[in-house]
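*Asks:* Pasting a structure below so you can have a look.
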């Protein structure tokens, strides 16, 4: 087993920690952490189907996941969390677990390799209605209200917004092809801005995709992969 890997997760969309799939995810990840098999842990958003803000409601609801983050911190694992379209306003809270929280696409350097990482919900620049909603939900005003409001109330209101946040690519082949085109176009643009990047990794589109282009690789993590996607910290696939 590689002792020096970067492990990526995205779009697991757990509704509860009682789900069998979550329990398998937890057991596998906990084992890898305890056996020192991970150097860097990367969550690219939508790990849970809804997680809005730092309230005690969510801390209780996802308490065992927070214990996993604490375990990773104890084992000195660098942990990154990119907020998705179902999880937001986590930065202030997850800071206590030494988690690096990102709200925008970001170039990250791990050892000598550069990775361009994002959730992927901003790739479709023509979806103006979603982008406006995204901006509003992440505004300073909304952050203030979410931090002050009871978590159960925030959760109830947020559930009504979920249909507007849902990714529609899972069952429509035409949309999948369109999204793949958007993904490759976005990557081409980002590669021009970040010529040294070797990996462009995202989630959101809910189907796995890998394509090697010249000296870099485009990866989408798909939906529900509780095993994660592993890359050696030296920049090679496992």
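*Asks:* Restricting attention to segment 50-61, which residues are touching a residue at least 40 places away in the same chain (Cβ under 8 Å) and within 19 Å of residue 103 (Cβ to Cβ)?
*Replies:* 50, 52, 53, 54, 55, 58
*Asks:* Next up: I'd like the full set of residues that are in contact with a helix residue (DSSP H, G or I) (Cβ under 7 Å, 6 or more places away or on another chain) and not in a helix (DSSP H, G or I), limited to segment 123-149. Walk me through how you get there before you give the answer.
*Replies:* If we filter segment 123-149 for residues that are in contact with a helix residue (DSSP H, G or I) (Cβ under 7 Å, 6 or more places away or on another chain), which is where we start, we get 123-124, 133, 136, 142, 146.
Within segment 123-149, 123, 124 meet the criteria.
*Asks:* Residue by residue through segment 2-48, note down the ones that are crowded, with 19+ Cβ neighbours inside 10 Å, touching a helix residue (DSSP H, G or I) at 6+ places or on another chain (Cβ under 8 Å) and assigned to a loop (DSSP other than H, G, I, E, B).
*Replies:* 12, 47
*Asks:* For segment 75-120, name all the residues that are under 29 Å from residue 57 (Cβ atoms), over 13 Å from the mean Cα position of the chain (by Cα) and in contact (Cβ under 8 Å) with a residue 24 or more places away in the chain.
*Replies:* 75, 77, 78, 89, 92, 93, 94, 97, 98
*Asks:* Going through segment 51-64 one residue at a time, which ones are more than 18 Å from residue 156 (Cα to Cα) and either buried (at least 21 other Cβ atoms within 10 Å of the Cβ) or out of contact with any helix residue (DSSP H, G or I) (no Cβ under 9 Å at 6 or more places or on another chain) (or both)?
*Replies:* From segment 51-64, those more than 18 Å from residue 156 (Cα to Cα) are 63-64; that's our starting set.
The answer is 63, and nothing else.
*Asks:* Let me ask something else about it. Out of 117, 131, report the one residue that is within 21 Å of residue 204 (Cα to Cα) and either at pLDDT 95 or above or touching a strand residue (DSSP E or B) at 6+ places or on another chain (Cβ under 9 Å) (or both). Explain how you work it out, then say what you get.
*Replies:* Details: 131 fails: either at pLDDT 95 or above or touching a strand residue (DSSP E or B) at 6+ places or on another chain (Cβ under 9 Å) (or both).
Every option except 117 fails the conditions.
The values are calculated or read from the model by the stated rules, or taken from the named source; none is laboratory data. Just so we're clear, the structure is a prediction, and the values are computed from it rather than from any experiment. Every residue, glycine among them, receives a Cβ derived from its backbone with ideal geometry; neighbour counts consider all protein chains shown.
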